[in-house]
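Below: the structure, in structure tokens.
The values are calculated or read from the model by the stated rules, or taken from the named source; none is laboratory data. All of these numbers come straight from a predicted model, not from anything done at the bench. Backbone-built Cβ (ideal geometry, glycine too); neighbour counts: all protein chains shown. Ligands, DNA and RNA are excluded from the accessible area calculation, which covers all protein heavy atoms including side chains. Shrake-Rupley method; radii C 1.70, N 1.55, O 1.52, S 1.80 Å.
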Amino acid sequence: MQVFKFGGTSVGSIENIEHVADICLEQRPDVVVVSAMSGETDRLIQLATLIYPSFRTPEYDLIVTSGETIVAGLLSLALKKRGINSCPMTGAQAGIITTDKFSEATIQRFEGKAILDSIQKGILPVITGFQGATENHKITSLGRGGSDTSAVAIAAAIKADKCVIYTDVNGVYTTDPRICSEAKIIRKLDSSVMLEMASQGSKVLHLRSVFLASKWKVPLFIKNTFSDDPGTEIIQNQSHSIEQVDNMNQHQIFEEEIVTGISGYDQDVLFTAKTNLTLPQFFKKLSDNQINIDVIHHQINLDLPQYLSFTVNSSDFVRTQDYLKTLVGDDFTFQDNIAKVSIIGLGVRNHSGVAARMFNKLDSLNIPIILVTTSEINISCIVPKSDMRSAIVALHEEFISP
Ligand code: ADP
Ligand code: ASP
Ligand code: MG
């Protein structure tokens, strides 16, 4: 069984929807998942926020997921025109039950019965990505880029043999090919590296889709809707140690293993607050308010008050600002002109000097490093937003295509 998902550009016009229908006629997937036409979700968000700035309302989710509903209907019509027996389905009709965390709902329960029944009857379900519903039948959205997550969840629920994410580039590249012309396609990519790339801003796959694919062992592929390129395969639980030992004899490949990809993300805001609360107290209060924190900087200081810096997504900006006012009054500042650039690869943890090379490279371009965070397989630097693109190109040159 195969699940195909088509992203925003792939269904961005009637012509493209007809093209997607041709692909389905030729490839015969068992389930199709669609995004809204490109730009449509942005437009809907703007309409909603013109009236009311909060993202956490049922109205917001109802409005912003409507782009997917339209495309599911249009594609189903295009399929019918080609003699394919198809049926459009909302996320709710497909059985995706989520939390009520509007604008970022997570899937709680998912039975593939409705989808499997449809397949059994020979009817191709065309399902709206990005959408679910609460137990109380309120429509929810899965967060920006969430239709990848819908597709992988569906593939997991029906135990599909393959989930193919069709998009507007040939696959996953060493960095965003729209930022760096030297970016190279990666044919096979370990899911842990893909997870890190997605979490650091490579929007080619929604982070939660990579996590779900890894958890439920869904074979995941990324391909281009507009070309026959074989694309990228995400490998689940590959034994890297064996591969790396093999590769040690091939110096060039081994070197390439150190850093697999470079990501950039410029939708975060950096807050710094002066507070009398302890670290656990402070962050517990933010998480109780459903504010997701990314990078945290805390100078160890046993005295109070102390200064805490952290980044949040710009969609949480207003809520964080409002909440900090109640927590620390005027004792906070924010910077919204920042970006995070990250180098990612299984080799990062095994090689000394990688961080130093990264800092040197940024320094040689006079790019100031505002904050640094590291994980087992990633080093991220917060830099000024205006330097993000040049930092990505420079780091790609340093680590991937010297
Ligand atoms: P879709 O609408 O098909 O879901 P997205 O816009 O969400 O497409 O994701 C595809 C885009 O991701 C590409 O057009 C590309 O600019 C961007 N991108 C960022 N990082 C990468 C990367 N490492 N490899 C490929 N594409 C990337
Ligand atoms: N249409 C939604 C968005 O733009 C979901 C998606 O495309 O994955 O975020
Ligand atoms: Mg996407």
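Quick look at the numbers
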read-out: 3J(HN,Hα) from dihedral phi, the stretch 275-281, Karplus parametrisation 6.51/-1.76/1.60, rounded to Hz, x for glycine, proline; value: 9, 8, 6, 6, 4, x, 4
read-out: Tensor-based shape of the stretch 124-179 (alpha-carbon gyration tensor, a/c under 1.5 rounded, otherwise prolate or oblate); value: oblate
read-out: Residue-normalised accessible area of the chain, expressed per residue, 1.4 Å probe, Å²; value: 46
read-out: Cβ charges +1 (Lys, Arg) and -1 (Asp, Glu), total dipole of the stretch 287-402, debye; value: 380
read-out: Candidates per GluC sites (Glu not before Pro) in the stretch 125-216, loop by DSSP, up to 12 other Cβ within 10 Å; value: 135
read-out: Rounded to the nearest 20 debye, dipole of the chain from Cβ charges on Lys, Arg, Asp, Glu; value: 840
read-out: Listed residues 121, 284 arranged by accessible area, highest first, probe 1.4 Å; value: 121, 284
read-out: Cross-link pairs beyond the 18 Å C-alpha cut-off, checked among 113/223; 203/223; 325/385; 81/162; value: 113/223; 325/385; 81/162
read-out: The chain: most fluctuating residue of 176, 117, 30 per GNM, C-alpha cutoff 10 Å; value: 117
read-out: Positive-pole candidate from 360, 72, 149, dipole of the chain, charges at beta carbon; value: 72
read-out: Tilt relative to the chain, helix 66-81 - C-alpha long axis, 0 to 90 degrees, to 10; value: 30
read-out: Selected from 210, 164, 312 as most flexible by GNM, with the chain as the system and alpha-carbon contacts under 10 Å; value: 312
read-out: Among beta bridges that DSSP assigns inside the chain, antiparallel share in %, nearest 5; value: 65
read-out: Table column - 3J(HN,Hα) (Hz), the stretch 172-183, Karplus curve with 6.51, -1.76, 1.60, x for Gly and Pro; value: 8, 9, 5, 7, 4, x, 7, 9, 10, 5, 7, 4
read-out: Computed helical MRE - 222 nm, the chain, DSSP H runs ≥ 4 contributing -39500 (n - 2.57), nearest 500; value: -11000 deg cm²/dmol
read-out: Helix 388-399 axis, angle to the chain major axis (alpha carbon atoms, nearest 10°); value: 90
read-out: Residue-level accessible surface for residue 365, protein heavy atoms, 1.4 Å, Å²; value: 80
read-out: Whole-Hz couplings from phi, Karplus 6.51/-1.76/1.60, listed for the stretch 92-100; x for Gly and Pro; value: 5, 5, 6, x, 8, 9, 10, 5, 9
read-out: Residues whose placed amide H lies under 5 Å from that of residue 127, excluding near-sequence neighbours; value: 32, 33, 34, 89
read-out: Distance between the stretch 9-31 and the stretch 356-373 - C-alpha centres, whole angstrom; value: 44
read-out: Of 35, 192, 342, the one that fluctuates the most in a GNM where the chain has Cα springs shorter than 10 Å; value: 192
read-out: Point-to-point label distance, residue 359-residue 335, nm (Cα→Cβ direction, 7 Å offset); value: 1.6
read-out: Of 175, 200, 219, farthest towards positive along the dipole that unit charges on Lys, Arg, Asp, Glu beta carbons give the stretch 165-226; value: 219
read-out: Spacing of the two label points (7 Å from each Cα toward its C-beta) at residue 352 and residue 121, in nm; value: 6.6
read-out: Amide H within-cut-off set for residue 295, under 5 Å, with H built and near neighbours excluded; value: 311
read-out: Sorted largest first, extent of the stretch 1-151 alpha carbons per principal axis (Å); value: 44, 32, 18
read-out: Between 0 and 90°, nearest 10: helix 317-328 axis offset from the chain longest Cα axis; value: 40
read-out: Alpha carbon centroid spacing (whole Å) that separates the stretch 54-70 from the stretch 272-350; value: 28
read-out: With every protein chain in place, the chain: carbon and sulfur % of accessible area (1.4 Å); value: 52
read-out: Residue among 270, 399, 10 farthest towards the positive dipole end of the chain, charges placed on Cβ; value: 10
